[in-house]
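Undergrad: What follows is a single structure, and I will ask about it in a moment.
Read-outs throughout are calculated quantities, based only on the coordinates presented, and are distinct from any laboratory measurement. Bear in mind the structure is a predicted one, so any value in this text is a computation, not a measurement. Note that we place each Cβ from the backbone using ideal geometry, even for glycine, and neighbour counts take in every protein chain shown.
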Amino acid sequence: MPTVPTPDRCQLLMGLGCAVPVAILWAGLMVTSRYDATSSLLVSNITLLRFLGSGLVMAPVFWKRRWEIMDAGWPPLPVLSMMGGVPYSLASVGGLAFAPAAQGATVIPGALDVFVALLAWAWIGERPSGDQWLGLGIVLAALALIGIKDSQFGTWQGTHSSSPQRSCGQPSRWVRGSTA
C-alpha cells in the first residue's frame, strides 16, 4: 500500500485558507437560496438572475478567447458554461422552497453525486465500479433516511409563497415568455 506524504505547515495553511472560504460560500449559497425560494421571487427568476450575472461576467472572457475555444473543437463551451447549471439551479432552489437550508446543504450534494454517476454511465458509458456502487448505495440510503425522518417530524414544509406550480410550473412559463 502506498504511503501518503505528510503535508508541511505551508500546505496545511494553504488548504485551510482554501477550505474555509469554500465552506462559507457553500453555506451562504444554501441560506440565500432558501431565503430566495421563500420570497416573492419565482424559482425561474432566481435562476435567471444567477446566470445572467455570471454570464455577463464571463461574456468578455469568452469573446476575447473565442478563437481558441473554436480551435479547441468546443464551440458549445460558452453556452454550456453559462447555461449548463440551469436545471440544477431550478431543481435545487425549487426544492429549498419545501426544505430547510440545512437539509438542502446535505441532500443536494449527495443527490448530485448519484445523478452524475448515473448520467456518466448513460451518456459516456462510464459504469461505476463495485466500490462506487457501494458508495452510491450508502448515499441513497442516507438520503432516504433524511427524507423519511424529516417528513415524519414536519421539517419538510412549503411556505406561504411556495406551491408545486410556483416552484415547478413556472420554468415552462418563463421559457414560453422568453421565446415569445
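Undergrad: Hey, can you rank 88-96, 36-44, 61-69, 14-22 by average C-beta count inside 10 Å, highest first?
TA: In decreasing order of mean packing, 88-96, 36-44, 61-69, 14-22 become 88-96, 36-44, 61-69, 14-22.
Undergrad: If each of Asp71 and Arg9 carries a label point 7 Å out from its Cα toward its Cβ, how far apart are those two points in nm?
TA: In this crude spin-label approximation the distance works out to 4.6 nm.
Undergrad: Taking only the Cα atoms of the stretch 1-51, how large is their convex hull per residue, in Å³?
TA: 126
Undergrad: Would you mind estimating how fast the stretch 1-140 diffuses translationally, via Stokes-Einstein at 25 °C and 0.890 mPa s with the Kirkwood radius over Cα pairs, in µm²/s?
TA: 134
Undergrad: While we're here: Would you mind counting up the charge near Ala120? Only other residues with Cβ under 12 Å from its Cβ, with Lys and Arg at +1 and Asp and Glu at -1.
TA: Summing Lys and Arg as +1 and Asp and Glu as -1 gives -1.
Undergrad: Now, a different point. Using 7 Å Cα-to-Cβ label points, what is the Ile148/Ser129 separation (nm, one decimal)?
TA: Taking the two extended label points, one gets 3.0 nm.
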